[in-house]
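Some notes on the structure that comes next.
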Amino acid sequence: MTITTRDQSVSQAPELTVTVVRLEHTGHVLAALTRATAGPPPTVRLLAQSAFPLAVPGASGLVLVPAELLTTEELSAPRDILAAPWRWYVDTGGDEATPATPQLKPVSCPAPSVGLTEGSLTVTSSTADGAAPVLALVHPTAQWGAGSAVSLQIRDVLGPSGAAVLGNGAVEDSDEALVFVRGRPVTVYSPGGID
């Protein structure tokens with residue numbers, strides 16, 4: 001399709017219908033796929049069985065995300081979601097009484113910051129992100145192959161100051177974590193840095 005304005009002509013790739021696998025708590029898209037057949041989207045159990053192997057962004061490892069943290073749905077999406085699904089999240093908006101139609105939105109910078117103090121992860125984001133859902137998947141150092149199982153799943157929301165303290169002393173000094181804040185890029189916490 002070509003959109004023509006008074007001064008320019010802009011080519012725009014048509015959207016397509018995709019099935020997304022996303023984190024239910026924060027909306028982050030972990031995978032996107034197209035299908036050749038009609039019908040309801042495949043279930044998480046069909047696509048991932050008991051865990052979804054997620055490549056650690058910027059590092060060399062896999063984390064096995066438990067299937068109970070995931071959901072699937074079909075959405076209209078731009079074609080580039082297939083090449084980089086982690087750059088998107090699903091905003092469900094609304095609340096339980098008046099749920100909104102899910103919308104696909106790009107994650108935006110800056111990424112949250114994450115630190116460890118006395119066994120708890122401190123996640124800090126913009127104060128404009130107050131009340132945004134947060135999910136931390138704590139795991140031992142990730143390795144290629146079978147992947148590392150998640151040892152702690154911590155769900156919370158950012159406070160009015162844009163911060164949340166997660167783990168209540170249960171995070172080990174050698175643990176790593178993937179931290180998701182709705183609308184922001186995934187953050188990798190690693191005590192020794194990312195390799």
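The values are calculated or read from the model by the stated rules, or taken from the named source; none is laboratory data. Computed from a prediction, not measured in an experiment: that's the story for all the values here. In this analysis, Cβ positions are derived from the backbone assuming ideal geometry, glycine residues included, and neighbour counts consider all displayed protein chains. We work out accessible area using only protein heavy atoms, side chains counted, and drop any ligands, DNA or RNA first. Shrake-Rupley method; radii C 1.70, N 1.55, O 1.52, S 1.80 Å.
Numbers at a glance
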item: Count - residues of region 144-177 that are surrounded by 17 or more Cβ atoms within 10 Å (Cβ to Cβ) and over 14 Å from Thr124 (Cα atoms); result: 10
item: So Leu47, is it more than 17 Å from Ala136 (Cβ to Cβ) and open to solvent by 50 Å² or more (accessible area, probe 1.4 Å); result: yes
item: Subset tally (residues that are part of a strand (DSSP E or B) and small (Gly, Ala, Ser)) for region 126-170; result: 5
item: Residue list for region 1-58, filter: outside any loop (DSSP other than H, G, I, E, B) and at pLDDT below 80; result: Thr2, Ile3, Thr4, Ser9, Val10, Ser11
item: Residues satisfying the stated conditions in region 56-83, i.e. closer than 16 Å to Leu33 by Cβ and open to solvent by 50 Å² or more (accessible area, probe 1.4 Å); result: Glu74, Ser76, Arg79, Asp80, Leu82, Ala83
item: Residue match in region 78-90 (condition: of a type in the set (Lys, Arg) and part of a strand (DSSP E or B)); result: no
item: Only one of Asp91, Asp129 that is surrounded by 14 or more Cβ atoms within 10 Å (Cβ to Cβ) and under 26 Å from Pro40 (Cβ atoms); result: Asp91
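Residues checked against (1) β-branched (Val, Ile, Thr); (2) in contact with a strand residue (DSSP E or B) (Cβ under 6 Å, 6 or more places away or on another chain); (3) more than 21 Å from Ser161 (Cβ to Cβ):
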residue	(1), (2), (3)
Leu33	no, yes, yes
Ala36	no, no, yes
Val63	yes, yes, yes
Leu82	no, yes, yes
His139	no, yes, yes
